[in-house]
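For reference, the structure is listed below as C-alpha cells.
What follows draws every value from the coordinates through simple rules; no lab data is involved. Not measured: the values here are computed from a predicted model. Cβ: placed from backbone, ideal geometry, glycine included. Neighbour counts: every protein chain shown.
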Amino acid sequence: MKSFRTDLHIHTVLSPCGDLEMSPARIVLLAKERGLDIIGITDHNSTRQCRVVWELGQKAGLTVIPGCEATSREEVHCLTLFPDFDALNEFQEFLDLHLTIIPNKVSLFGYQVVVDEDENILEEFHNYLGASLDASVEEIEQKVHELSGIFIPAHIDRPRNSLFSQLGFFPPELKVEALQISKLAEETTVRKKFSIIPEITLVKFSDAHYPEDLGKTYTLFEMEEPSFEELRKALKGEAGRRVIIPQ
C-alpha cells in the first residue's frame with residue numbers, strides 16, 4: 001500500500017465565500033507545492049468549476065475528484081464526490097432543480113464566477129449559491145449514491161451547518177462513507193461527544209476558502225493508487241486500505 005495526502009474539501013472562486021485568488025491554476029499549484037496527492041473540489045451547491053481544475057490536475061500529475069458541498073433543506077453541509085463527469089453533470093441538474101432562488105448580493109456574499117485556466121471569467125452566477133436546497137439530507141444522500149458517489153457530512157462538530165447542530169442526531173437510515181471533523185477537532189473527543197461508533201470513518205480536510213489554508217489539514221489514505229474507487233475502499237477499510245488522521 002502507498003500513502004496519499006488527501007484534501008477533499010476545497011473551494012474555488014465560484015463559492016461566494018471563496019477568495020478570488022482561489023483560481024484553478026492557483027489551487028493546483030499550491031496543492032503540488034504542499035505535497036498533496038489528491039484534492040476534491042467542493043464549491044457550494046455547484047460543480048461548474050470542477051472540470052478546469054481536473055484538466056490542470058491531469059497536466060500536473062495531481063488527482064482531482066469532482067464534487068460539491070451541498071446544503072440540505074435543514075442547512076446541513078454535505079460533501080458529495082463523484083467518479084466521473086457524467087455522474088457530476090447529472091448531480092448538477094439535481095442542484096439546479098432544487099436550489100432556493102435568492103439573488104446574490106456581491107457586497108455581502110462575494111462574487112460567484114467560473115474561470116478558465118488563465119483566470120479569465122467565463123461566467124458569473126447571480127443566484128446565491130450558499131442558499132439551501134429544497135431537498136433533505138436523506139434525499140441528497142440517496143441521489144449521490146444513485147450516481148455511485150461518495151457522501152460525507154461536513155464538519156460535523158461545528159455549532160452550525162453540521163449534521164448534529166441542525167438535526168441533533170445521526171439519522172439511522174443515512175448512509176455515509178465517512179464523517180468530516182473540523183481541522184481543530186480531536187477524533188477521540190468527537191467520537192465520544194456524538195457517540196460515533198468505530199465502524200464509521202472520520203476524516204479531516206482543510207475546507208479551504210483562502211490560499212493559505214489549502215492543504216493545511218489533510219487525511220492520509222493508505223491504498224494502492226490515487227483513484228476514486230480506491231478512495232471508497234479506504235473509507236470503508238476494505239482489503240487493507242485505511243485512512244489516518246495525522247496527529
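Within segment 1-30, none of the trypsin sites (Lys or Arg not before Pro) combine a DSSP coil assignment with at most 13 other C-beta atoms in a 10 angstrom radius. Residues in segment 152-159 carry Karplus couplings, in order, of 9, x, 8, 5, 5, 8, 6, x Hz; the curve used is 6.51 cos²θ - 1.76 cosθ + 1.60 with θ = phi - 60°, and Gly or Pro positions show x. Entry note, the chain: the mean residue ellipticity at 222 nm calculated from DSSP H runs of n ≥ 4, each adding -39500 (n - 2.57), is -8000 deg cm²/dmol after division by the residues and rounding to the nearest 500.
Entry note: the chain has Rg to Rh equal to 0.93, where both radii use alpha-carbon atoms and Rh is the Kirkwood radius. Between Glu199 and Ala60, the distance separating the two model label sites (each 7 Å from Cα on the Cα→Cβ line) works out to 3.9 nm.
Across segment 136-247, Cα-Cα pairs more than 24 Å apart make up 25 percent of the total. Across the cross-link table entries Lys59/Lys216; Lys193/Lys233; Lys192/Lys236; Lys105/Lys192; Lys59/Lys233; Lys59/Lys236, which are compared at the Cα atoms, the separations over 32 Å belong to Lys105/Lys192.
Computed from backbone phi, the HN-Hα couplings of segment 7-16 come to 10, 9, 9, 9, 9, 10, 4, 5, 5, x Hz, rounded to whole numbers (Karplus: 6.51 cos²θ - 1.76 cosθ + 1.60, θ = phi - 60°; Gly and Pro given as x). Here the Karplus curve 6.51 cos²θ - 1.76 cosθ + 1.60, taken at θ = phi - 60°, turns the phi angles of segment 197-214 into couplings of 6, x, 5, 8, 6, 10, 9, 10, 9, 6, 6, 5, 10, 10, x, 5, 8, 4 Hz, with x standing for Gly and Pro.
Qualifying GluC sites (Glu not before Pro) in segment 206-247, where qualification requires a DSSP coil assignment and no more than 13 other C-beta atoms within 10 Å, comprise Glu238.
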